[in-house]
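Where a number appears in this text, it was derived from the coordinates with a stated rule and is not lab data. None of these values were measured; they are calculated from a predicted model. Counting neighbours? That spans all protein chains shown, and the Cβs are built from the backbone with ideal geometry, glycine included.
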């Protein structure tokens, strides 16, 4: 992984074989936003919320990472990544959903902004989802 910082902004180039969301958690960011990401992924597992649970949808072939957005938060002292992906398949079809897992294929370039002075807490909700509860502090 290669990183460069400008103030609260971080540009990261993830290398082939790094695994999301683990590699994002390893950055140590506790409150922040993933502004965008491009590159390639393999072993991608997307999910969507059907109102009761996340339904997992594996994507079998390597894909272009067309969009990566999300945020960094905390739950019980652990970093939590909530990210969504749009990925392009061969032939131009796009698939998207909640990022469950992916391996970087060649490279992935991600721009992140840290949010000092903000706490991004994740808490379970009656729906079964884990909601974001941002507040000032830290």
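Regarding the range 95-138, what whole-number volume in Å³ per residue does the convex hull of its Cα atoms give? Before the final figure, lay out each step's value.
Details: hull volume 5.7 nm³, N = 44.
Dividing the Cα hull volume of the range 95-138 by its residues yields 128 Å³.
Could you work out the relative contact order of the chain, using alpha carbon pairs under 8 angstrom and six or more residues apart, expressed as a whole percent? Walk me through the intermediate numbers first.
On the way: 357 pairs, mean separation 44.1, N = 138.
Over the chain, the number comes to 32 percent.
Highest first, please rank the peptides 124-136, 56-68 by the mean number of other Cβ atoms sitting within 10 Å of their residues.
Taking the mean over residues of other Cβ atoms within 10 Å, the ranking is 56-68, 124-136.
Considering the convex hull of the alpha carbon atoms of the chain, report its projected area averaged over all viewing directions, in nm², one decimal. Can you show the working numbers first?
Details: hull surface 33.6 nm².
Averaged projected hull area, Cα only: 8.4 nm².
If N is the number of residues in the range 17-84, what value comes out of its Cα radius of gyration divided by 2.2 N^0.38 Å? Could the numbers behind the result be given before it?
Numbers: Rg = 12.8 Å, N = 68, 2.2 N^0.38 = 10.9 Å.
Taking the Cα Rg and dividing by 2.2 N^0.38 Å, one obtains 1.18.
Using alpha carbon centroids, what distance separates the range 51-126 and the range 1-35, in Å?
12 Å
Need the full-extension length gain, residue 5 to residue 107, defined as separation in residues times 0.36 nm minus the C-alpha distance. One decimal, nm.
Working: separation 102, 0.36 × 102 = 36.72 nm, distance 1.87 nm.
In short, 34.9 nm is gained.
Give the order of 72, 9 when sorted by the count of other beta carbons within 10 angstrom, beginning with the fewest. Mind dumping the intermediate values first?
Numbers: 72 25, 9 13.
Neighbour counts put them in this order, fewest first: 9, 72.
Do the sum for the chain: with -39,500 (n - 2.57) for every DSSP H run of n ≥ 4, divided by all residues, what is the mean residue ellipticity at 222 nm, to the nearest 500 deg cm²/dmol?
Values: 1 runs with 4 residues, N = 138.
Using -39500 (n - 2.57) per qualifying helix, the result is -500 deg cm²/dmol.
Extent of the range 47-106 along each principal axis, from alpha carbon coordinates, in Å, largest to smallest?
So the three principal-axis extents are 42, 29, 16 Å.
Sticking with the crude label model, points 7 Å out along Cα→Cβ, report the distance from residue 43 to residue 123 in nm, one decimal please.
Distance between the two pseudo-spin positions: 3.6 nm.
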